[in-house]
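The values are calculated or read from the model by the stated rules, or taken from the named source; none is laboratory data. Since the structure is predicted, the reported quantities are computational estimates derived from the model, not experimental observations. Note that each Cβ is placed from the backbone with ideal geometry, even for glycine, and that neighbours are counted across all protein chains shown.
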Amino acid sequence: MVLSTLAVAGCGLPTLRTNPDAGPGPIRSEAIFDHGAFDALLRRHVDAEGLVEYQGLAADRALLVGYLNRLAEVDPNLLGTPEEQRAYWINAWNASLLFGLLHWQPRASMDELPGIGAAIRTRCGGHWWTLDEMRDRVLRTSGDPRVLLALSDGRRAGPRLRAEAYTGAALDEQLTAQCREFVADGRKVRIDEQAHRVAVAPPLSTFANDFTGAPWYGVSGFIARYALPREWLRQPFPVDSLPADGVLNRR
């Protein structure tokens, strides 16, 4: 495998192409993409808390690369449903990030990898996509901001990496579970019962504007929807930002 070492301006990391040996693609259209290979890797190396056993995953690197190569072979725009398309891109993000973490091997914190979202590039459906482009150009325009809570950022305090792949058939259930878990985790959403204030960590703090429309009507509405019922959450309340904790999601 050939890894690019082109510098990415202003980010401090070289460009890393996750599947440079993949064909130019796409070579076929599918209604449903088979994420079974990625699902097996996640079940083997990710625990219930979303922590990754990176040493074991490194031993299965060839299987991860094989899955990334498969992403290049299919046009995601031709997948059968919007849910199938979103699941494809969520898994593409998570698999690409895992590849990058195996390559750079941060010791303890994601803060060691500035600009990782612009540095990692994966060929999907015949085009090269950075993580930032997958998120901003595809997933954030998909009409369902809950997808942001499915994108692992490598941090323990970020969205949990599920020990399973996302699928179109189960996507709504999976995203609902992710949102409820995120809101219930005091490291990510801090609810002050006395002051009637809430503080949120990324990505809710970073992409708060994505939740302004129905049915959320703001981050406060999102919190009220997925938190345990509280009378005061029925009314608008202040939302503050929590600092991003960079501790790596290493098991």
In the set R187, R234, R197, which member is at pLDDT 85 or above and farther than 15 Å from P159 by Cβ? R197
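If you go through region 144-152 one residue at a time, do you hit one that is without any contact (Cβ under 8 Å) to a residue 24 or more places away in the chain, outside any loop (DSSP other than H, G, I, E, B) and under 13 Å from the mean Cα position of the chain (by Cα)?
From region 144-152, those without any contact (Cβ under 8 Å) to a residue 24 or more places away in the chain are none; that's our starting set.
Within region 144-152, none of the residues are without any contact (Cβ under 8 Å) to a residue 24 or more places away in the chain, outside any loop (DSSP other than H, G, I, E, B) and under 13 Å from the mean Cα position of the chain (by Cα).
Among the candidates E164, E173, single out the residue that is among the acidic types (D, E) and in a loop (DSSP other than H, G, I, E, B). Let's see the steps before the verdict.
Values: E173 fails: in a loop (DSSP other than H, G, I, E, B).
Answer to the selection: E164.
Please work out if G50 is under 21 Å from V147 (Cβ atoms), surrounded by fewer than 21 Cβ atoms within 10 Å (Cβ to Cβ) and in the same structural domain as R146 (by TED's automatic domain parsing).
yes
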Given the conditions (1) surrounded by 15 or more Cβ atoms within 10 Å (Cβ to Cβ); (2) among the basic types (K, R); (3) more than 30 Å from L57 (Cα to Cα); (4) out of contact with any Pro (no Cβ under 8 Å at 6 or more places or on another chain), report the number of the one that R250 does not fulfil. (3)
Would you mind telling me which numbered condition in (1) closer than 19 Å to L131 by Cβ; (2) in contact with a His (Cβ under 8 Å, 6 or more places away or on another chain); (3) at pLDDT 95 or above L41 fails? (2)
Step by step: first the residues of region 120-139, then only those that are charged (D, E, K, R) and part of a strand (DSSP E or B), then the one that is modelled with the highest pLDDT. Which residue is that? R121
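Rundown of residues vs (1) in contact with a strand residue (DSSP E or B) (Cβ under 8 Å, 6 or more places away or on another chain); (2) basic (K, R), yes/no style:
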position	(1), (2)
K188	yes, yes
H196	no, no
P202	no, no
A214	no, no
V219	yes, no
L242	yes, no
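Identify all residues within region 145-193 that are more than 20 Å from F222 (Cα to Cα) and exposed (fewer than 15 other Cβ atoms within 10 Å of the Cβ); write none if there are none.
Just the residues of region 145-193 that are more than 20 Å from F222 (Cα to Cα), to begin with: 153-156, 161-170.
The answer is A169, A170.
Considering only region 124-133, I want to know if a residue exists there that is touching a Cys at 6+ places or on another chain (Cβ under 7 Å) and buried (at least 21 other Cβ atoms within 10 Å of the Cβ). Step through it out loud before you land on a result.
Here is the first cut: in region 124-133, the ones touching a Cys at 6+ places or on another chain (Cβ under 7 Å) are none.
No, because not a single residue in region 124-133 is touching a Cys at 6+ places or on another chain (Cβ under 7 Å) and buried (at least 21 other Cβ atoms within 10 Å of the Cβ).
Of everything in region 176-209 that's among the acidic types (D, E) and in a loop (DSSP other than H, G, I, E, B), which residue is farthest from A31 (Cα to Cα)? Step through it out loud before you land on a result.
First, pick out the residues of region 176-209 that are among the acidic types (D, E): 181, 185, 192-193.
Cutting the leftovers down to in a loop (DSSP other than H, G, I, E, B) gives us 185, 193.
Working: D185: 36, E193: 47 Å.
That would be E193.
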When the residues of region 222-247 are narrowed to those that are surrounded by 15 or more Cβ atoms within 10 Å (Cβ to Cβ) and more than 22 Å from the chain's Cα centre (by Cα), which ends up nearest to P114 (Cα to Cα)? V239
Within region 53-82, can you find the residues that are in contact with a Leu (Cβ under 9 Å, 6 or more places away or on another chain) and buried (at least 20 other Cβ atoms within 10 Å of the Cβ)? L57, L64, Y67
